[in-house]
Amino acid sequence: MCGFSALYSTTGLKFKDLVKMNDAISHRGPDGEGFYLFDTKNKVSHIMNNSAVVDDNHDVLNEKFNALIGHRRLAIVDLSESGFQPMVSDDKRYVIAFNGEIYNHHELKEELLKIGHTFNSNCDTEVLLKAYIEWGESCLEKFNGMFAFQILDTELSCVFGARDRFGVKPLYYWKTANSLALASEIKQFTTLPHWQSKMNTFRVYDFLQYGQTDHTSQTLFAGVHQVPPGHKFKIDLNEANNLVISKWYFRPQARVKDKLKEATTKFHKLFKDSVRLRLQADVPLGTGLSGGMDSSSIACEINAVLKAQGKDDLQKTFSAYTEVKKYDERNYINDVLETITAEPHFVELLCPDKRSILEEVVWHQDEPFGTTSIFAEWSVFKLAKSNNVKVTLDGHGADETLAGYHRFFFVYLIELLKSGKIFSFFKEVKALKKLHNYNGLRVVKTLLFLFRSAIFTDEKSNNWWKVSKDSIEVSKMHFSILDESNYELFNTSVPMQLHWCDRDSMAHSVESRAPFLDFRLVEYILSCPSELKIKEGKTKFLLRESLKGILPKTVYERISKIGFATPEENWMSDNQALFLELLESAKLNLSSVVNPIAFEKAENIILGNSRYEGFAWRIICLSIWVQVFNVETEGR
């Protein structure tokens with residue numbers, strides 16, 4: 001896990017510009033730094049590692065190059081200098097900068113050794129590079145992991161790169177007339193000459209109205225894009241600002257008809273192997289444990305895997321708690337801890353009661369975020385770092401693939417009606433009433449609301465914002481669990497949460513791994529019938545039944561859902577002066593974006609005069625983002 005920078009130009013760019021980009025992500029790679037500089041015309045290259053002195057007196061600092069690659073290293077696998085990046089191939093032709101982990105690199109290395117390749121290290125970076133040399137672009141299909149990488153071909157003066165199937169690892173690009181910049185985080189672009197922080201008003205609308213980001217390749221910064229998940233790209237250095245992007249990952253569409261017993265066996269086998277692969281590291285690992293089913297499943301499975309391997313290692317767990325009972329999950333966490341062998345660590349969730357704290361988190365996130373749950377995850381990764389843990393396993397992706405959110409209940413009801421399964425429909429309605437107190441009238445109202453939302457837009461929102469929407473959809477109605485899962489996996493929920501998690505973890509130099517996003521597991525889950533995901537008013541039924549033997553009974557039977565939630569309403573109520581002050585700043589920063597009626601609504605929410613919702617926080621967070629990144633708005 002690391003971060004990288006790259007500059008490609010037909011006219012040449014200075015090395016010192018690359019150094020500034022790399023400095024902006026020192027938190028992503030505190031264990032090492034490296035640079036590769038290449039002049040396409042004269043075929044002259046320079047490579048510098050940790051021992052290089054980079055200062056104003058350096059000979060090459062003000063020289064211009066057509067290709068400049070920088071890397072910051074967080075050493076996880078093979079801690080020696082052999083894992084140094086940018087890594088150059090044995091014949092000096094190829095240069096790679098890579099962020100992520102290839103979990104099956106041991107197996108791929110064995111395959112490459114049999115073909116005749118030799119290796120100078122035990123790291124997955126070298127495996128990735130030699131896999132590309134051997135198999136070309138088709139190497140992507142062989143990788144099980146999270147990755148964003150670029151490979152420079154100095155012989156053909158071109159670049160190839162890609163992003164993993166689900167976009168666990170980020171990759172952004174920004175173009176000028178004669179150049180192209182690639183980066184792991186958006187803030188790296190702000191260090192470059194000619195950079196201007198301008199607002200993408202369409203994406204700002206989506207954020208204010210829906211709290212949504214990362215649902216398109218565009219960002220809230222005008223001109224900054226991300227390479228979409230499951231996509232690859234090529235760059236011809238003769239026209240360096242021309243990035244050609246295409247899709248490489250196509251999820252198999254085959255469906256299975258497995259019954260529950262067969263499905264649970266297959267699921268558990270895949271899940272166990274996913275966890276096993278993600279336990280590979282040469283540094284201490286831990287688990288983010290919230291008390292929910294996803295993180296509890298990971299913690300319990302790790303315990304089982306370690307026992308099966310004959311290891312008595314204590315896994316470290318990291319959990320956040322609050323004294324606000326509604327959001328506190330310590331009862332469930334403690335039940336898990338009684339089931340496994342672990343060294344638990346806790347941190348209390350406290351309101352970020354200083355503007356400087358809010359600004360720090362927004363700076364690391366690069367873009368505003370629609371919920372303060374970010375601070376729960378932030379606190380957990382901070383706790384992990386304080387205990388010298390550099391890798392954690394976390395539960396991202398389970399809710400979206402296994403139908404874990406309560407909204408899936410209603411999608412499933414629509415699916416049952418659509419397919420004519422009337423008996424099953426009423427059976428689920430009855431279960432919803434019994435387990436969740438959803439009476440028939442509430443179910444009907446919710447279904448009607450969903451149908452209405454699919455047809456009509458909320459005209460009231462037009463009075464709140466001075467910015468407008470475009471044709472890109474954010475909220476979309478689906479009539480099957482599979483369609484909803486696909487949408488949340490590739491368009492909305494998962495991309496946004498992975499963005500948050502990447503920045504929260506890497507801010508503290510911690511690598512987060514997601515066992516539920518092993519592509520083999522995802523593909524199998526999505527191929528399963530809907531009745532294996534929701535059954536008798538219970539979400540994630542396949543997961544419950546698969547891990548029934550190792551989960552505590554309280555977690556297995558749990559029907560409530562909190563996740564890494566924060567007592568946001570309580571925080572605003574208890575810290576009104578701070579949030580009202582932040583709202584006053586927003587009135588100045590966002591006068592060309594937000595209408596007075598919206599500021600009035602936000603103020604009433606903070607004062608407790610209106611029903612609480614995230615509306616006020618979104619305005620405040622956008623304002624902080626504008627200040628932190630000096631984003632241009634009219635009148636500012």
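Readers should treat all values here as calculations from the given coordinates under stated rules, not as data from a laboratory. Computed from a prediction, not measured in an experiment: that's the story for all the values here. Cβ atoms come from the backbone with ideal geometry, glycine included; neighbour counts cover every protein chain shown.
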> What is the extension gain from V244 to E348, computed as 0.36 nm multiplied by their sequence separation minus the C-alpha to C-alpha distance, in nm to one decimal?
Replying inline: 32.8 nm
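Give me the extension gain from E63 to E600: residue separation times 0.36 nm, minus the current Cα-Cα distance, reported in nm with one decimal.
Once the chain is fully extended between E63 and E600, it gains 187.9 nm.
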>> Distances longer than 26 Å among the Cα atoms of the stretch 2-247: what percent of all pairs is that?
In response: 36
> Once you charge only the Cβ atoms, +1 for Lys and Arg and -1 for Asp and Glu, what is the size of the charge dipole of the stretch 2-247 about its Cα centre, to the nearest 20 debye?
Replying inline: 740
>> Going by Cα centres, the stretch 553-571 and the stretch 598-624 are how many Å apart?
In response: 23
>> Please compute the modelled spin-label separation between D23 and S475, points set 7 Å along Cα→Cβ, answer in nm with one decimal.
In response: 4.5
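Given the pairs K434/K535; K533/K561; K316/K548; K64/K130, which are separated by over 18 angstrom at their Cα positions?
Violating the 18 Å Cα-Cα cut-off are K316/K548; K64/K130.
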> Which is farthest toward the positive dipole end of the stretch 2-247 among N120, T219, N200, measuring Cα position about the Cα centre, with Cβ charges +1 (Lys, Arg) and -1 (Asp, Glu)?
Replying inline: N200
> Based on Cβ point charges of +1 for Lys and Arg and -1 for Asp and Glu, what charge dipole magnitude is obtained for the stretch 568-628 about its Cα centre, in debye rounded to the nearest 20?
Replying inline: 200
>> Using Stokes-Einstein with the Kirkwood hydrodynamic radius over Cα pairs, what translational diffusion coefficient do you get for the stretch 568-628 at 25 °C and a viscosity of 0.890 mPa s, in µm²/s rounded to a whole number?
In response: 217
>> Name the residue from P170, G100, F490 whose Cα lies farthest towards the positive end of the charge dipole of the chain, charges +1 on Cβ of Lys and Arg and -1 on Cβ of Asp and Glu.
In response: F490
> Along the three principal axes, how long is the stretch 480-575 when you take its alpha carbons, biggest first, rounded to the nearest angstrom?
Replying inline: 45, 29, 29
>> How high is the relative contact order of the chain? Use alpha-carbon pairs under 8 Å, at least six apart in sequence, and give a whole percent.
In response: 16
> In debye, nearest 20: dipole of the stretch 193-304 around its Cα centre with unit charges on the Cβ of K, R (+) and D, E (-)?
Replying inline: 540
> Considering only DSSP states other than H, G, I, E and B, which chymotrypsin sites (Phe, Trp or Tyr not before Pro) in the stretch 545-621 qualify as loop sites with at most 15 other Cβ atoms within 10 Å?
Replying inline: Y612
>> Which one, F599, V555, N144, projects farthest toward the positive side of the charge dipole computed for the chain from Cβ point charges (K/R +1, D/E -1)?
In response: V555
> So, in Å, what gap is there between the alpha-carbon centers of the stretch 282-303 and the stretch 465-518?
Replying inline: 22
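Counting only other residues whose beta carbon sits under 9 Å from that of W135, what net charge do I get with K and R as +1, D and E as -1?
Summing Lys/Arg as +1 and Asp/Glu as -1 gives -2.
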> Given the pairs K187/K232; K142/K247; K142/K169, which span a C-alpha to C-alpha distance of over 19 angstrom in this model?
Replying inline: K187/K232
> Summing Lys, Arg as +1 and Asp, Glu as -1, what charge do residues with Cβ under 13 Å from the Cβ of M21 carry, M21 excluded?
Replying inline: +2
> For the pair L448 and D78, how long in nm is the line joining their label points, each one 7 Å along Cα→Cβ?
Replying inline: 6.4
> So, counting K/R as plus one and D/E as minus one, what does the shell of residues with Cβ under 10 Å around E377 add up to?
Replying inline: 0
>> Output needed: percent of Cα pairs per 5 Å distance bin for the stretch 1-53, bins running from 0 to the one holding the longest distance.
In response: 4, 17, 29, 25, 14, 8, 3
> Where both residues lie in the chain, what percent of DSSP beta bridges are antiparallel, nearest 5?
Replying inline: 80
